[in-house]
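Chemist: Following this message is one structure expressed as structure tokens.
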Amino acid sequence: TPGTSSFGYNVQSGFYTKIGRLVHYKIEIRLNAFSKGTASGDLTVTGMPFTTANLTFGQFIGSFASFDAPLTTTAGEYPVVAAALNSSILLLKIIRDNNSWNNFTDPDTNTQYKLDVTLFTE
């Protein structure tokens, strides 16, 4: 929930290749300003050009090509990109080796994300 948060960007770019129902995204986001305000919940990338398929088993399909963020993890935690089903939203999550999830730490004014995502569309 963004609440009263605000973000400023140096870079918001990406491209995709779509073959049939399969889409591959390359995304780069570089912040130059961030104010948390009353934000809570998952860090998300919204407005993707295609709606993901509503698969019963979920789509935990992305990885970070690289990231430069205040990302605090412990052993057994890995950053991933999860596609929200039947939507155009990507969720940035931390998966733990005990099959539980954690939210990303808040970004700062120099945070960079480079995402590599492959998913199925409707």
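The values are calculated or read from the model by the stated rules, or taken from the named source; none is laboratory data. Computed from a predicted structure; not experimentally measured. Here Cβ is always computed from backbone atoms with ideal geometry, including for glycine, and neighbour counts include all displayed protein chains. The accessibility values were calculated without ligands, DNA or RNA, using every heavy atom of the protein model including side chains. Shrake-Rupley method; radii C 1.70, N 1.55, O 1.52, S 1.80 Å.
Chemist: Against the condition closer than 25 Å to GLY3 by Cα, part of a loop (DSSP other than H, G, I, E, B), modelled with pLDDT of 75 or more and out of contact with any Ser or Thr (no Cβ under 8 Å at 6 or more places or on another chain), how does ASN110 come out, does it pass?
Modeler: yes
Chemist: Restricting the first residue to segment 72-99 and requiring it to be closer than 15 Å to VAL117 by Cβ and part of a loop (DSSP other than H, G, I, E, B), which pairs with a second residue that is open to solvent by less than 50 Å² (accessible area, probe 1.4 Å) and hydroxyl-bearing (Ser, Thr, Tyr) meet a Cβ separation below 8 Å and a spacing of at least six or different chains?
Modeler: The qualifying pairs are ALA84/THR52; LEU85/THR52; SER87/THR52; SER88/THR52.
Chemist: Considering segment 46-87 alone, what residues qualify as being of a type in the set (A, V, I, L, M, F, W, C), under 20 Å from PHE15 (Cα atoms) and modelled with pLDDT of 80 or more?
Modeler: Result: MET48, PHE50, ALA53, VAL80, VAL81, ALA82, ALA83, ALA84.
Chemist: Taking segment 103-117 on its own, how many of its residues are open to solvent by less than 50 Å² (accessible area, probe 1.4 Å) and either farther than 18 Å from PHE34 by Cβ or not polar (S, T, N, Q) (or both)?
Modeler: Total meeting the criteria: 6.
Chemist: If you scan segment 13-44, which residues turn out to be closer than 26 Å to THR121 by Cβ and exposed (fewer than 13 other Cβ atoms within 10 Å of the Cβ)?
Modeler: Across segment 13-44, the qualifying residues are SER13, PHE15, THR17, LYS18, ILE19, GLY20, ARG21, LEU22, GLY41.
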